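Asks: Sharing a structure below in structure tokens format, with a few things to ask.
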Amino acid sequence: LGILLVIFLPGYVTVQALFPKRDMDKIERYAFSLGLSLAIVSLIAFLLDYSPWGVRLDPVVTTLVLYTVCIGLIALYRKHRQGRNQ
């Protein structure tokens, strides 16, 4: 579950929010999700390093969950709005 949270989900929801249409095939979407997740997690860890909470388990997990949920809601909204405009 932890590997899924760190390596795949942040990038996947970001790709869904950025590209709500099915322009990419599954392999491209998964590969882009993997690379984007690694970049996002690195950026979050970098930002947490300069915060008062530091890079510990609780702040990292909380931040990743909040990021994933917020961007996931944006992705759902964009997908719903895009479907309504067709």
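Asks: May I ask you to list the trypsin sites (Lys or Arg not before Pro) in the chain that are in a DSSP loop and have at most 10 other Cβ atoms within 10 Å of their Cβ? Walk me through the intermediate numbers first.
Replies: Numbers: sites: LYS21, ARG22, LYS26, ARG29, ARG56, ARG78, LYS79, ARG81, ARG84; in loops: LYS21, ARG22, ARG56.
Of the trypsin sites (Lys or Arg not before Pro), the ones in loops of the chain whose Cβ has at most 10 other Cβ atoms within 10 Å are LYS21, ARG22, ARG56.
Asks: Give the accessible surface of the chain per residue, rounded to a whole number of Å², with probe radius 1.4 Å and ligands, DNA and RNA excluded. Mind dumping the intermediate values first?
Replies: Numbers: 6080 Å² over 86 residues.
Per-residue accessible area for the chain comes out at 71 Å².
Asks: Gap in Å between the Cα centre of segment 1-38 and the Cα centre of segment 43-59?
Replies: Between the Cα centres of segment 43-59 and segment 1-38 lies a distance of 22 Å.
Asks: What FRET efficiency comes out for the pair PHE46/ILE7, r = Cβ-Cβ distance, R0 = 25 Å, nearest 0.05?
Replies: Details: r = 17 Å, r/R0 = 0.69.
Given R0 = 25 Å and the Cβ-Cβ separation, E is 0.90.
Asks: Using only the heavy atoms of the protein chains and a 1.4 Å probe, how would TYR77, TYR67, TYR50, TYR30 rank by accessible area, largest first?
Replies: Numbers: TYR77 130, TYR67 60, TYR50 170, TYR30 105 Å².
Largest to smallest exposure gives the sequence TYR50, TYR77, TYR30, TYR67.
Asks: May I pose another question? To the nearest 0.05, how large is the calculated FRET efficiency for ASP58 and ILE27 if R₀ is 35 Å and r is the Cβ-Cβ distance?
Replies: On the way: r = 35 Å, r/R0 = 1.00.
Step by step, r from the Cβ atoms, then E = 0.50.
The values are calculated or read from the model by the stated rules, or taken from the named source; none is laboratory data. The shown structure was predicted, so the numbers you read here are calculated from the model rather than taken from an experiment. All Cβ positions, glycine included, derive from the backbone under ideal geometry; neighbour counts span all protein chains shown. Keep in mind that these areas ignore ligands, DNA and RNA; they rest on the heavy atoms of the full protein, side chains included. Shrake-Rupley method; radii C 1.70, N 1.55, O 1.52, S 1.80 Å.
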